[in-house]
Amino acid sequence: MKLQIRLLTSIAASCLSVASAFGAPDLKAGAAKSETCVPCHGRAGISTTPETPSLAGQPDNFLQWQLVYFRSGVRKSPVMQPMAVSLTDNDIRNVAAWFAAQEPPTTAGKGAADPALQAAGAKIAKANRCAACHKDDFTGQPQQATPRLAAQREDYLLKALRDFKAGTRVGGGVAAMADVVQPLGEGDFRALAHFMANFP
Ligand code: HEC
Ligand code: HEC
């Protein structure tokens, strides 16, 4: 299983490096391509759809990798896989660059946060060094291709943590999320998702 994932990841890596040989991304083409994403990921990448992530302001590199994972089938999703198989390397580069350049989501309009749950989440995040990979402001690391978590949809964050724990979501070579969530449980996930979703 591990070996198979590594193999698929290296195939994905070679696709991506082929893609980067083409030069600068075309933001206009990316904007046009993003129209097909709007019904689920929202206008300008701010999602209003349950269990569907906002894409705006995510590190470009992170978005490209996830699309390559969906396309190759490493990351499973009955919804995203059919979307991703129709994307060429250039589409991926252009659409990822376009979403990365959009204004990230904010906590505005999210409703009142629960201070006790937030504090619990902050404590668990600190103890598990989430910021070491996702950055102190949880905006994600372009080089390590880790995602922005700040102000992401709470239901999506919760789903992602559960999927990592259940082993139904598999990431790339540097994805340490399976190890991260291993000692954590449902109560921790709820607190973490609430804390990140309400992170300004
Ligand atoms: C029919 C709905 C739908 C459409 C259309 C759609 N997506 Fe998605 N997308 C999803 C869902 C649902 C997920 C979450 C999958 C999961 O459960 O992990 C997702 C996840 C993603 C992710 C992973 C983000 C993360 O934070 O992990 C990326 C990147 C993405 N989509 C890009 C796109 C792009 C680019 C398009 C347009 C070309 C697109 N999607 C069109 C529903 C959709
Ligand atoms: C050692 C590095 C590392 C640490 C520590 C880490 N993460 Fe991650 N995280 C990653 C990487 C890499 C990914 C992208 C995984 C992939 O490629 O699928 C990720 C993805 C995620 C996602 C998916 C978000 C999305 O948009 O799809 C969530 C949620 C998340 N991490 C939460 C956390 C939380 C909460 C903690 C602390 C308890 C944490 N992470 C600690 C590296 C890390």
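Do we have LYS126 as away from ligand 1 (no atom under 16 Å from the Cβ) and not assigned by TED's automatic domain parsing to the domain that holds PHE189 here?
no
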Give the range 169-200 a look and list any residue that's more than 20 Å from LYS135 (Cα to Cα) and within 15 Å of the chain's Cα centre (by Cα), or say none.
ARG169, VAL170
Restricting to the range 15-42, give me the number of residues that are at pLDDT below 95, in a helix (DSSP H, G or I) and surrounded by 11 or more Cβ atoms within 10 Å (Cβ to Cβ).
4
Just one of the numbered conditions (1) at pLDDT 95 or above; (2) within 11 Å of ligand 1 (Cβ to nearest atom); (3) within 25 Å of LEU184 (Cβ to Cβ); (4) surrounded by fewer than 19 Cβ atoms within 10 Å (Cβ to Cβ) is not true of SER86; which one?
(3)
Residue that is more than 9 Å from ligand 2 (Cβ to nearest atom), surrounded by fewer than 21 Cβ atoms within 10 Å (Cβ to Cβ) and either in a helix (DSSP H, G or I) or at positive phi (or both), where the choices are ALA112, ALA119:
ALA119
Evaluate the following for VAL95: is it of a type in the set (A, V, I, L, M), in contact (Cβ under 8 Å) with a residue 60 or more places away in the chain and in contact with a helix residue (DSSP H, G or I) (Cβ under 7 Å, 6 or more places away or on another chain)?
yes
Could you tell me which residue of the range 43-78 is surrounded by the most Cβ atoms within 10 Å (Cβ to Cβ), considering only residues that are part of a loop (DSSP other than H, G, I, E, B) and free of Cβ contacts under 8 Å to residues at least 24 places away in the same chain?
SER77
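Quick one: would you say GLN81 is away from ligand 2 (no atom under 11 Å from the Cβ) and crowded, with 16+ Cβ neighbours inside 10 Å?
When the stated conditions are applied, GLN81 does not pass them.
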Test ALA193 against the criterion of being assigned to a helix (DSSP H, G or I), at pLDDT 95 or above and over 22 Å from PHE70 (Cα atoms), and give yes or no.
yes
Among the numbered criteria (1) within 14 Å of the chain's Cα centre (by Cα); (2) crowded, with 18+ Cβ neighbours inside 10 Å; (3) not assigned by TED's automatic domain parsing to the domain that holds ALA178, which single criterion is violated by PHE138?
(3)
Expected output for the range 140-164 (first residue on the phi > 0 side of the Ramachandran plot, partner more than 10 Å from ligand 1 (Cβ to nearest atom) and among the small types (Gly, Ala, Ser), Cβ below 8 Å, 6+ apart or cross-chain) is ALA145/GLY172; ALA151/ALA197
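If I ask for residues that are assigned to a helix (DSSP H, G or I) and more than 16 Å from ligand 1 (Cβ to nearest atom), which ones from the range 179-190 would you list?
Here is the first cut: in the range 179-190, the ones assigned to a helix (DSSP H, G or I) are 179-181, 186-190.
Selection gives ASP179, GLU186, GLY187, ASP188, ARG190.
The values are calculated or read from the model by the stated rules, or taken from the named source; none is laboratory data. Note that the coordinates shown come from a computational prediction; the quantities given were computed from them, not determined experimentally. With ideal geometry, Cβ positions are generated from the backbone for all residues, glycine too; neighbour counts draw on all protein chains shown.
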